[in-house]
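The values are calculated or read from the model by the stated rules, or taken from the named source; none is laboratory data. Since the structure is predicted, the reported quantities are computational estimates derived from the model, not experimental observations. Here the Cβ positions follow ideal geometry from the backbone for every residue, glycine too, while neighbour counts run over all protein chains shown. Accessible surface areas use protein heavy atoms only, side chains included; no ligands, DNA or RNA. Shrake-Rupley method; radii C 1.70, N 1.55, O 1.52, S 1.80 Å.
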Amino acid sequence: MKMLLAALLVVAAASFRAAEAALPSMAVGVNYGANADNLPPPKDVAAFLAAHTTIDRVKLFDANPAFISAFANTPISLAVSLPNSDLPSLADKQTGLDTARAWVRANLSPYVPATNVTLLLAGNEILLSPDPNLVLSLLPAMRRLAQALRLEGLTGVRVTTPHYLGILAPSDGIPSNARFRPGYDTKLFPPMLQFHRDTGSPFMVNPYPYFSYNNQTLDYALFRPNRGVYDPNTKLNYTSMFDAQMDAIYTAMKRLGYGDVDIAVGEAGWPTQADPGQVGVGVEEARDFNEGMLRVVSSGKGTPLMPNRKFETYIFSLFDENQKPGPIAEKHFGILNPDFTPIYDLGLLRQSSDSGAPNPSPNPSPNPSPKPAPSGGGKWCVPKAGASDTDLQNNINYACGYVDCKPIQSGGACFDPNNVQSHAAFVMNAFYQANGRHDYDCDFKGTGAVTSNDPSKLRELQIRLLTGRSKPWQCRCSGTNLESTSRLKSRKRWRSKLLPN
């Protein structure tokens, strides 16, 4: 009884000020592939993205002039790609620079600066190739391209190349144990990372939890509540496979002395359809993954080893591509239909008012005013009796990705009582209130329960039980000044069945 009353007292304050609206959509990039027979013209795509979304970067898989010119005079920057087959000629010691300059003059100079090309990608996942000549050509080609861009006056275009995660040596999945593959760690990546440091270009990787998950790790891959993977070396618990992959790359770079080089995400995504019987693929799964990734890369949240950082990121992909070969899933990574309606809502569409101005603004005030919690029936989310501290801590880790948890940190207004039960009660209820008070938003894998008993009415009893005082106790977690700002739209997150109270 005491534990329940303590939880109810703590969550009472959260209900007063839990935010009703999400933070405005975050800017992000997207991969624009066109291996389909039903897509709108590039000019229509560019116009729609510029006017109706917060997507501010687009990555192309070639240098198609129709696509590059379509983005002229828009606020969207482009990443343009060269085919893998071009690299050996660019790497040639005698003629490589001339070849690179000719390519830049033919493919970029006619369109820049009207089109804001900011990245030139030297091939794609070259290190997957069994051709050693192609692998050995990569860094020399990158150097020639960077030199050619300078000589041609395109100093705003940086050179990089996307890598698959197989550049890391096989490991146990613990981020702090990661290192580059033998040979790559001594011959290839030290000079390549030095190139990135010297030119200010990012080291680009394609982290794909989709290609690494199984039935047991699905929640871990989708940013859903899970027990996580504990790293004994850093004392960090990872509840996201994407975070672990990013920190593994960072660890491998840091081992070589290049932890200061920026990391960019060239591709990452999740399909909405797959072959029959494949578990973990669908609209909800794709939305959960991409929302979780956006929270890491674009909000400033960062990863456990790289906190408070943003990462230049390109979601895979803008549209489904019905002509792509391979498994069904390869055709269904898109976030928009060909008519520009969303396949699922990631919050990237601007909600226009009658005046045509985006609402909310994509450039919000850094300190938005808190909004009151939704009215219409008092309901609160509390931990279920018997929920373990481990499960409640997992709930805290998950929900704190979406709501402001500063009040339960040391020195915060709701730090006391300093125990997992009370902290989980605050965070779970803040998440529930901010998302519209749906029962499924209080499920937390069966460890949460909705109550209609107003915790504030039990305040005096709680005070007497905990403190022995008979007069009102001034709760430090006052509902009159508490802010709990939600970081996602008020809608379904995941739908585990709510267990009976």
Filtered pair list for the range 28-336 (Lys only, Cα < 26 Å, 8 or more apart or interchain) has a length of 15
Sorted list, accessible surface of protein heavy atoms, 1.4 Å probe, largest first, for PHE61, PHE289 is PHE61, PHE289
Plugging the Cβ-Cβ distance of LEU136 and ASN233 into 1/(1 + (r/R0)^6) at R0 = 30 Å yields, to the nearest 0.05, a FRET efficiency of 0.30
Once normalised by the length of the range 28-336, the mean sequence separation of its alpha carbon contacts under 8 Å that are 6 or more apart gives a contact order in percent of 18
Under the 7 Å Cα-to-Cβ spin-label approximation, SER212 and GLN278 lie apart by a distance in nanometres of 1.8
In nm, the gap between the two label points placed 7 Å beyond Cα toward Cβ at ASP439 and ASP262 is 4.8
Taking N as the number of residues in the range 95-193, the ratio of its alpha carbon radius of gyration to 2.2 N^0.38 Å works out to 1.26
GLN147 and PHE340 label points (each 7 Å along its Cα→Cβ direction) are spaced in nm at 4.5
Site SER109, offset 7 angstrom along Cα→Cβ, radius 19 Å on amide nitrogen, limited to the range 53-71, gives 63-66, 68-69
Cα-Cα pairs in the range 61-107 separated by more than 14 Å, as a whole percent of all pairs, come to 57
For ILE328 the rounded accessible area (nearest 10 Å², probe 1.4 Å, non-protein molecules ignored) is 60
